[in-house]
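Participant: Dropping a structure here in structure tokens format, bear with me for questions.
The values are calculated or read from the model by the stated rules, or taken from the named source; none is laboratory data. Being a predicted model, the structure only gives us computed values, none of them experimental. Here the Cβ positions follow ideal geometry from the backbone for every residue, glycine too, while neighbour counts run over all protein chains shown. Only protein heavy atoms, including side chains, enter the accessible area calculation; ligands, DNA and RNA are left aside. Shrake-Rupley method; radii C 1.70, N 1.55, O 1.52, S 1.80 Å.
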Amino acid sequence: MTSSDASSIYIRMPADLKSAVDDHAKARGSTVTGAAVDLLGRGLQAVADERSVADLQAALSRSVTEKAVVEAELVTARAQLATLGNFVDRAGQRVGTCPSCRQPISGADVFAASRCPACGQPLTELLAPKANSATGIDQRELLLFAGALGALIGVAYLSTKK
């Protein structure tokens, strides 16, 4: 700043503030005027920066909230993936034999295709067998697969709620 750019301000200030400006001038090895200009400039810059700091704090707060939401969605997605993996494992497992041709059938054959892959016969009798009928199906494996299918339906339902 040149002397032609300079203006004067005359102010009254409390004695303790004047003493602090004097101390600042001594510490910097400058005049009281130089110290007052320096401190006033710093104060004005701090006031101008307050809005930027508040904006940055608000942006950080939003980012933290968004991160928490994304982490929760990731946990849900991992759980859904595990459920789907269990379903896929169960779908491929042998659960019994076809009552018509005695070929092995899987959970997917029973619940997805509802037909024997070898002879094409419907497998609905396995789900609701006639009284006193030997179905040739492993009831334990079928129940485990039905549970996995129920979990898959639950995951599909929950994913539509987002």
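Participant: Limited to the stretch 10-24, what total is found for residues that are open to solvent by less than 70 Å² (accessible area, probe 1.4 Å) and of a type outside the set (A, V, I, L, M)?
Facilitator: Adding up the residues that qualify gives 3.
Participant: Within the stretch 98-112, track down each residue that is closer than 17 Å to Ala146 by Cα and open to solvent by less than 60 Å² (accessible area, probe 1.4 Å).
Facilitator: Of everything in the stretch 98-112, those that are closer than 17 Å to Ala146 by Cα and open to solvent by less than 60 Å² (accessible area, probe 1.4 Å) turn out to be Ile105, Ser106, Gly107, Ala108, Asp109, Val110.
Participant: Given the structure, is Ser19 out of contact with any Cys (no Cβ under 9 Å at 6 or more places or on another chain), modelled with pLDDT of 90 or more and either assigned to a loop (DSSP other than H, G, I, E, B) or of a type in the set (S, T, N, Q) (or both)?
Facilitator: Working: out of contact with any Cys (no Cβ under 9 Å at 6 or more places or on another chain): yes; modelled with pLDDT of 90 or more: yes; either assigned to a loop (DSSP other than H, G, I, E, B) or of a type in the set (S, T, N, Q) (or both): yes.
Yes.
A quick yes/no check of all residues on (1) open to solvent by 90 Å² or more (accessible area, probe 1.4 Å); (2) modelled with pLDDT under 90; (3) not in a helix (DSSP H, G or I):
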{"site": "Lys26", "(1), (2), (3)": "yes, no, no"}
{"site": "Ser30", "(1), (2), (3)": "no, no, yes"}
{"site": "Leu39", "(1), (2), (3)": "no, no, no"}
{"site": "Leu60", "(1), (2), (3)": "yes, no, no"}
{"site": "Glu66", "(1), (2), (3)": "yes, no, no"}
{"site": "Arg78", "(1), (2), (3)": "yes, no, no"}
{"site": "Leu81", "(1), (2), (3)": "yes, yes, no"}
{"site": "Leu84", "(1), (2), (3)": "no, yes, no"}
{"site": "Val88", "(1), (2), (3)": "yes, yes, no"}
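Participant: Yes or no: Ser7 open to solvent by 90 Å² or more (accessible area, probe 1.4 Å), over 55 Å from the mean Cα position of the chain (by Cα) and not hydrophobic (A, V, I, L, M, F, W, C)? It would help to see each step written out before you state the result.
Facilitator: Numbers: open to solvent by 90 Å² or more (accessible area, probe 1.4 Å): yes; over 55 Å from the mean Cα position of the chain (by Cα): yes; not hydrophobic (A, V, I, L, M, F, W, C): yes.
Considered against the rule, which asks whether it is open to solvent by 90 Å² or more (accessible area, probe 1.4 Å), over 55 Å from the mean Cα position of the chain (by Cα) and not hydrophobic (A, V, I, L, M, F, W, C), Ser7 comes out as yes.
Participant: Does any residue of the stretch 92-109 turn out to be in contact (Cβ under 8 Å) with a residue 24 or more places away in the chain, within 24 Å of Leu152 (Cα to Cα) and assigned to a helix (DSSP H, G or I)?
Facilitator: For the stretch 92-109, residues in contact (Cβ under 8 Å) with a residue 24 or more places away in the chain, within 24 Å of Leu152 (Cα to Cα) and assigned to a helix (DSSP H, G or I): present.
Participant: I would also like to ask the following. Within the stretch 107-125, can one find any residue that is at pLDDT 85 or above, among the polar types (S, T, N, Q) and more than 20 Å from the chain's Cα centre (by Cα)?
Facilitator: Within the stretch 107-125 (the criterion being at pLDDT 85 or above, among the polar types (S, T, N, Q) and more than 20 Å from the chain's Cα centre (by Cα)), the answer is yes, since at least one residue qualifies.
Participant: Which of (1) of a type in the set (D, E, K, R); (2) within 20 Å of Gly150 (Cα to Cα); (3) at pLDDT below 85 does Asp49 not meet, given it meets every other one?
Facilitator: (2)
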